[in-house]
Structure formats: structure tokens, C-alpha cells
Amino acid sequence: MMGAIRVWTGGSPSTHLTGQRIYLRAPTDRDWRVWAELRAASRAFLEPWEPVWPHDSLTRENYRRRLRQISQEWREDSAYSFHILRQGDNALLGGITLSNVRRGVAQCGTLGYWIGRPYARSGFMSEALHRVVEFSFGQLGLHRLEAACLPNNEASRGLLLKNGFTEEGYARKYLRIHGAWQDHLLFGLVQDDPREKP
């Protein structure tokens, strides 16, 4: 007998996820300046791992377009984007997105994330990833999460393995990163896989 599939019906960009040192919430218009400043200051650190930045990527107009898209994705249950902020001083640390949410027989989504250079290797992203995994399996009722990283991105590979993901394969020319089609390592996490709190 098949178990019931949970369907998330309470999605709203007002959802907050709280950790020990961080909390996560959807981006808002008032975040634009600090977001743009952090992304600009971290550009050389981030560009090797991301798609080519559009010429207007840090403008307020582009940011507002993204906010409209984020709001629509939450309503449609297709993606959930969060800013990662530090408890206490509310400093913006980075972002994490659950995208490509597939329902039906898949009950699956794909994770992507970035962190500002000053906050890298401080454990903040591990805590944020843990909270989004809990949200995905708990409130969203997903069965499986997927992620991918470049083979030479040891920090991202370590983050995923530390958080219970299994390296499942190698995809040739998987995503267009830094202006070129690049191979990626593929990772998966299933709802009942063993995992520890960070």
C-alpha cells in the first residue's frame, strides 16, 4: 500500500527558518543594497562557480525583477529562495534556493547556494543547508533532494557530504558555468537517509 504524498499548501515568502547562528527568509526589496554590496565584494570569489553575471546583475531593477519571480515561484510551489542572515546583527551572509520542485511521482527538488567571501568556511552554509533540508522533507513533504558542483569545488563537495548527501554520478557538460559548459559531480539525499545535525 502506498503512503500518502504530502502537498505543501502554506507556502509564502513570509516563511522563516531559524537555526542556532543563522535564520533564513525570502529576499525583500529592502535587502537590495546590502545584497548588491556583498555580491560585488565577493565577485571574484563567486564567479568561477556561477553562470556569467548579466551586465545589470547588481542593479535595483534587476533585483526587483528577481523578487517578482521569487514570489511567483513560491505561489506555484516551483522554487523557494532564501537569504541567509546571521542571528544578532542580521548581517546578510549568502543565499540558498530549492528549485525545480517536481511533484507527482518524483517529489524532488534541486539545491543551489552561494555565500559571501567574508563568511565562507565558517559553518554558516552547513547550518543553512541543514535547515532547508528539514524544510524540504518536513513542510514541503519532498522525498529526494539533488545538488551538483564542479569537480574542483572541494568546499561544495565537502558541504554536501557533511550534510548526508551521497555522490551519485558525473554529468558531462552539465551546466554553463563561468561562460563554458562544465562537467559536474551529482549528489542526492533521500528523506530517510541518515544525517546528523551540523
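Values as computed for the structure displayed
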{"quantity": "Normalised contact order of the chain, rounded percent, pairs of Cα under 8 Å and 6 or more residues apart", "calculated": "21"}
{"quantity": "Evaluated at q = 0.17, 0.20 Å⁻¹: base-10 log I(q)/I(0), Debye formula over Cα of segment 62-138", "calculated": "-0.72, -0.95"}
{"quantity": "Long-range amide H partners of Tyr174 with built H, under 5 Å", "calculated": "Gln182, Asp183, His184"}
{"quantity": "Largest-first principal axis extents, alpha carbons of the chain, Å", "calculated": "53, 37, 29"}
{"quantity": "Asp192 versus Ser57: modelled label distance in nm, points set 7 Å from Cα along the beta carbon direction", "calculated": "4.2"}
{"quantity": "Helix-derived mean residue ellipticity, 222 nm - over the chain, DSSP H n ≥ 4, -39500 (n - 2.57), to 500", "calculated": "-8000 deg cm²/dmol"}
{"quantity": "Within-13-Å neighbourhood charge of Tyr80 [Cβ basis; K, R +1; D, E -1]", "calculated": "-1"}
{"quantity": "Contour excess over end-to-end distance, with Cα ends at Val34 and Leu175 and 0.36 nm allotted per residue", "calculated": "47.9 nm"}
{"quantity": "Alpha-carbon spread of segment 143-198, three principal axes, descending order, Å", "calculated": "36, 22, 13"}
{"quantity": "Extreme residue, positive dipole direction of the chain, given options Asn152, Gln69, Phe135 (C-beta unit charges)", "calculated": "Gln69"}
{"quantity": "The chain, dipole about Cα centre (Lys/Arg Cβ +1, Asp/Glu Cβ -1), debye to the nearest 20", "calculated": "360"}
{"quantity": "Cα-only Debye scattering, segment 18-125: base-10 log of I(q)/I(0) at q = 0.13, 0.14, 0.15, 0.19 Å⁻¹", "calculated": "-0.51, -0.59, -0.68, -1.08"}
{"quantity": "Kirkwood Rh (inverse of mean 1/r, distinct Cα pairs), segment 97-198, angstrom", "calculated": "14.2"}
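Read-outs: derived from the displayed coordinates by stated rules, not from any lab. This one's a predicted model, so the numbers in the text were calculated from it and none came from an experiment. Quick reminder, even Gly has a Cβ in these numbers, built from the backbone with ideal geometry, and neighbours come from all protein chains shown.
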